[in-house]
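Take a look at the structure below.
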Amino acid sequence: MRASGDARPVPPRRVLTGFGRAGGTAAVLRPVRSPDEVAPLVEEARSEGRHLLPRGLGRAYGDAAQCAGGVLVDTRPMDRVLEIDPDSGVVRVEAGCSVDTLLRAVVPRGWFVPVTPGTRHVSLGGAVAADVHGKNHHRDGSIGSHLRELELVGASGVTRLGPGRDAERFWATVGGMGLTGIVTEVCLALRRIETSRLVVTTERARDLEECMARLSDLDAQHRYSVAWVDGISGGSRLGRSVITAGDHASLDDLDASDRSDPLSYDPRVPLAVPVTPPVGLVGRTTVRALNEVWYAKAPRRRVGEIQTIAQFFHPLDSVRDWNRAYGPHGFTQYQFVVPSSGSEVVRRALELLQRARLTPSLCVLKSFGAASLAPLSFPMPGWTLAADIPVGGHAIGPVLDEIDGLVAAAGGRVYLAKDGRLRPELFAAMYPRLAEWRAVRDRDDPGRLFVSDLWRRLAVQDRERSDW
Amino acid sequence: MNDVTGMPESVVVLGGGSEIARALLVRLAGRRLRAVVLAGRDETALAAAARELESLGVPTVATTRFEASDVSDHEDLVRRALDTVASVDLLLVAAGALGSAELEALSPEAVARLVEANFTGPAAAMLAFARVMADHGHGRIVVLSSVAGVRVRRSNFVYGAAKAGLDGFSQGLGDALEGTGVRVTIVRPGFVRTRMTAGVPEAPLATGPEEVADAIVRGLERDAEVVWVPAVFRVLLALASHVPRALWRRIPS
Ligand SMILES: Cc1cc2nc3c(=O)[nH]c(=O)nc-3n(C[C@H](O)[C@H](O)[C@H](O)COP(=O)(O)OP(=O)(O)OC[C@H]3O[C@@H](n4cnc5c(N)ncnc54)[C@H](O)[C@@H]3O)c2cc1C
C-alpha cells in the first residue's frame, strides 16, 4: 500500500504470532492508553499508507490479529471499567479490558459476564470481534446479542453503534475480526448471580453417539454444558467423553462456610510453563496416558458438585503459557460447526485426525443454539468440535483440508478466531453472508485501511497488486 | 500469506526451469498455491513449467527474465514480480550451473561466470527481494545450497566454492532478517539427478528432484533453518569437517 520510494524512517517492528505460536509476521505495535489516542493513530497510518488492525490479548490462535508490514493498535493498556449500573447490570468498559479484569470488578457485586470463552484472558474488543461463544450458547447465544452499544473508530471516523443504532455497521463489527475498525468502548448487559459458584453435573459417555444424546438432554436442563472428548481412542470408543453441565448456584446450594462470602472471586495466579521446550511435551504417548487417567477418574455420573467460576469456565487458565508446551513449531486449534443434519462429520473428523496420527490432544464438543445476526459470526445451530493439533507434522495440511471439505459440504464452517490455514475457496462457501458484510465494509472503508493477515489469506479477490 | 503450516500462496522462483523448483511447485499446487512467477533464462523451460502449473489449476502463472549477471536488472525484476503477486510468500533461489573443475577446461572467465551464476548473481537478487519482503513484514526465502559447499571437494570445487559463498551469505542474510518476519531456509542436497548433473558420475546418497522437493515441504512445515537431503548428510558433513585434507582430496566424487 505504501508508495515505493518513500523515504520515511521505518519504526521498529515486532514479529507477532497468534496464541498457537506458529507462523508470525512483523508489524509496528502501537499501544493506546485511552480511546482518544486511537483516532490519531488511524490518521497516521492512513497518511503513511500503512494498513492497520486492532490487537487485544492475542488469544486468537492463528493470524487474525496479525498485520504484516502494518500497524497493530495494541489495546491492552486501554483497560478501564468505566461504569456499572447497579440496577440494570449494564457495564461500560474500554475495549482492552479483559474478561478477567471485568470479572474481578463485577462478580463481588453479584454480576457475571453474559458469555465467556474458555479463557478469561481475552479483551472485550477481541470478544466482540470474534462474536465469542461460551458453554451457554445453546441457551444465550454469542456475546453479540448481549451488547448494548459499541464505540468504533473506523476508517470514516468515530461512531457509536448498537443493535438499534446504525445496525448494519454494528453487526458488521460484531464478528468482523477487527476489519471494520477499532472498537474502543463496549457496553454490555451482565447476568445477575447470587453466588460465585456453580452447581455441576458430570457424566461419562462411552462413545460419540451417547455423548451427543446426553448433551442434548442436559442442554434442556442446564444453562452451561460441554463435552471433553478423548481425541485418541477410536473404534467402539470413538468419541468417549466426559460431559459437564452446570448452573449458577443459588445461596441455598452453598454450604455454611461458603455462604458467609458467597460472591468471593479470587482466581489464583497460575503456574507457568517458563520457557519453550525444544521438543513438544504434548506427544502421542503423553496424550494417550493423560486421556486414560482422566477418563478413568471421571465419575460415571455425579450431581450437585460445587465449583468456582475459574474451575468451571477457565480450567486452562490455571497453567499460564501452556501453549508453550507444544514446542517450537507451535500448534493450531481446529474448530468447526456443522448443522445437526451433518453430525456424521464430527465422527469422520475424529477418524481422519486419528488416522493421520495427528494426536488431537484436547477436543471439545458442544451444541450451539440459534445463530447471531452478525453476517460473519461463527456459531449456527448444530455441533461444534474444537481440537488442538501440534503444527510441524507432515499430514496436518491435507487432513484439515479434507475435513474442511466435509464441513463445507454439510453447510458448516470453520471458526476464524482459531484459523490459520483455511483456503480461500472454501471461506466464501462457509460464510454465505460474506457479500453482505463486504458491502458494509466497502462503503465504510473503500481504501481498505483495515486489513489482517487472516483476511489477506482468505479474501484473495479483495487484494490489489502492489497494495500491501 | 503463508498459512500457519508454512504453505505459501505466492511463489517467485529464480531459476524457474529448475527441476527441483518444478517438483516443489507441483507439491505446493496441491496445497494453497495461487500465483507463481518463474524467472529464468531458458524461455522454453520456463514456458513448459508454466504450462504444467496452469494444467494443475494454479490461477496465475507468469514468466520473466532473470539473468544472474545482470545485477542492474534485479530491482526491476522484483518490480516485475510484484506486478503478478501482491507480496512474495516464498522466494525460491534455484538458479545455478555446475561447470567444470578441470584446470585445462577452466579459464578465468569461466571461474568468474560460475561464481556469478551460483553465488554473486543469486545473492544480489536475493538481497533485492529480501528488502521488499522485509518491508512487507513476512515471507520465506528458500535457497538451494549444496553439501558441495559445506566442505568443498576436488571434483566440483568451483561450483562447491560458489555454493559455499551462497550458503554463508544466506546464513548471514537470515540473521540480518531476524525481526522482519522474513525467514531463510537453506537446503543442502547431495548429488541430485537432474539435467545439470546429466553425464556426471553419480555420487553416493544421490537423490532425485522429487525427494528434494518432499524434504523442502517438510522443512516449510517445520519452519526449518537448514534442510539436508537426505537427512543423514547432517551427520556425515559434521564428520567430514574432521577428515584431514590429505585424505579428503582423495575422496573420489
Ligand atoms: C484457551 C483459549 C480458549 C478459547 N475459548 C474460546 C471459546 O470458548 N469460545 C470462543 O468463542 N472463543 C474462544 N477462544 C478464542 C478467543 O475468544 C478469541 O480469539 C478472541 O477474539 C480473543 O480475544 P483477544 O483479545 O485475545 O483478541 P486478539 O487475539 O488480540 O484478536 C482477535 C481478533 O479480534 C480483533 N480485535 C481485537 N481487539 C479489537 C478491538 N478493540 N476492536 C476490534 N477488533 C478487535 C483483532 O483484530 C483480531 O481479528 C479461545 C482462545 C483461547 C486461547
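The values are calculated or read from the model by the stated rules, or taken from the named source; none is laboratory data. All figures in this text were calculated on a predicted structure; none of them were measured in a lab. Don't worry about glycine lacking a Cβ; one is built from the backbone with ideal geometry, like all the others, and counts go over all protein chains shown. Only protein heavy atoms, including side chains, enter the accessible area calculation; ligands, DNA and RNA are left aside. Shrake-Rupley method; radii C 1.70, N 1.55, O 1.52, S 1.80 Å.
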Next on the checklist: For Cα pairs less than 8 Å apart in space and 6+ apart in sequence, what is the mean separation divided by the residue count of region A:81-193, i.e. the relative contact order in percent?
Outcome noted: 33 percent
Next on the checklist: Students often check this: by mean Cβ neighbours within 10 Å, which of B:144-151, A:340-347 ranks highest, and how do the rest follow?
Outcome noted: B:144-151, A:340-347
Checklist entry - Taking the Cα centre of each part, how many Å lie between region A:19-90 and region A:206-255? => result 36 Å
Checklist entry - Which of the aspartates and glutamates could a cross-linker span from residue B:163 if the Cα-Cα distance has to be under 17 Å and same-chain partners fewer than 8 positions apart are dropped? => result B:116, B:225
Checklist outcome for this item: In Å, the Kirkwood hydrodynamic radius from C-alpha pairs for region A:217-262 sits at 13.2 Å
Checklist outcome for this item: Note on chain B: the mean projected area of its alpha-carbon convex hull, in nm², is 13.0 nm²
Item to check | DSSP-assigned coil residues among trypsin sites (Lys or Arg not before Pro) in region A:100-143, each with at most 10 further Cβ atoms within 10 Å | outcome: none
Checklist entry - Considering only DSSP beta bridges with both partners in region A:1-107, what is the antiparallel share in %, to the nearest 5? => result 45 percent
Next on the checklist: Can you give me the long-range amide H partners of residue A:224? Hydrogens built in the peptide plane at 1.01 Å from N, cutoff under 5 Å, separation of 5 or more residues or another chain.
Outcome noted: A:246
Next on the checklist: Per DSSP helix of 4 or more residues, -39500 (n - 2.57); summed, then divided by the residues of chain A. What does that give at 222 nm, rounded to the nearest 500?
Outcome noted: -7500 deg cm²/dmol
Checklist entry - Name the chymotrypsin sites (Phe, Trp or Tyr not before Pro) in region A:384-441 that are in a loop by DSSP and that have at most 14 other C-beta atoms within 10 Å, would you? => result none
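Could you work out the longest stretch of chain B that avoids the GluC sites (Glu not before Pro) located in DSSP loops with at most 12 other Cβ atoms within 10 Å?
With a cap of 12 other Cβ atoms within 10 Å, the longest stretch comes to B:1-101.
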Item to check | Residue (of A:232, A:220, A:244) at the positive-pole extreme of region A:215-268, dipole from beta-carbon charges | outcome: A:232
Item to check | Antiparallel content of DSSP bridges confined to the protein assembly as shown, in %, to 5 | outcome: 60 percent
Checklist entry - In terms of Cα to Cα distance under 26 Å, which lysines are near enough to residue A:297, apart from those fewer than 8 places away along the same chain? => result A:135, A:366
Item to check | Taking chain A and dividing mean pair separation by its residue count, relative contact order in percent (alpha carbons under 8 Å, at least six apart) | outcome: 18 percent
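What does the charge add up to near residue A:429, with Lys and Arg as +1, Asp and Glu as -1, over the other residues with Cβ less than 14 Å from its Cβ?
0
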Checklist entry - Using alpha-carbon pairs under 8 Å, 6+ residues apart, how would you state the relative contact order of region B:10-248 in percent? => result 18 percent
Item to check | Average silhouette area of region B:1-122, convex hull of alpha-carbon atoms, in square nanometres | outcome: 8.0 nm²
Item to check | Sparse-neighbourhood loop sites, chymotrypsin sites (Phe, Trp or Tyr not before Pro) in region A:288-392 - DSSP loop, at most 12 other Cβ within 10 angstrom | outcome: none
Item to check | Cα gyration tensor shape of region B:86-125, rounded if a/c is under 1.5, else prolate or oblate by comparing a/b with b/c | outcome: prolate
Checklist outcome for this item: For region B:142-194, the dipole about the Cα centre with charges only on Cβ (Lys and Arg +1, Asp and Glu -1), to the nearest 20 debye, works out at 380 debye
Checklist entry - Can you give the Rg and Dmax of the protein assembly as shown based on its C-alpha atoms, in angstrom? => result 27.8, 99
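Given +1 on the Cβ of Lys and Arg, -1 on the Cβ of Asp and Glu, and no further charges, what dipole in debye does the protein assembly as shown carry about its Cα centre, rounded to the nearest 20?
For this selection, approximately 1540 debye.
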Next on the checklist: Counting only protein heavy atoms and a 1.4 Å probe, tell me what percentage of chain B's accessible area is made up of carbon and sulfur.
Outcome noted: 55 percent
Item to check | For residue A:413, net neighbour charge (Lys/Arg +1, Asp/Glu -1) across residues whose Cβ lies under 14 Å away | outcome: -1
Next on the checklist: From zero outward in steps of 10 Å, how is the percent of C-alpha pairs of region A:339-468 spread across the bins?
Outcome noted: 11, 40, 32, 15, 2
Item to check | Most positive-pole-ward Cα, A:89, A:107, A:178, against dipole of region A:81-193 from beta carbon charges | outcome: A:107
Checklist entry - Which one of B:129, B:157, B:187 has its Cα pushed farthest toward the positive end of the charge dipole of chain B, where Lys and Arg give +1 and Asp and Glu give -1 at the Cβ? => result B:157
Item to check | Size of region A:81-193 as Cα extents on the principal axes (Å, biggest first) | outcome: 40, 28, 25
Next on the checklist: Rounded to the nearest 20 debye, what is the charge dipole size of region B:10-248 about its Cα centre when +1 sits on each Lys and Arg Cβ and -1 on each Asp and Glu Cβ?
Outcome noted: 580 debye
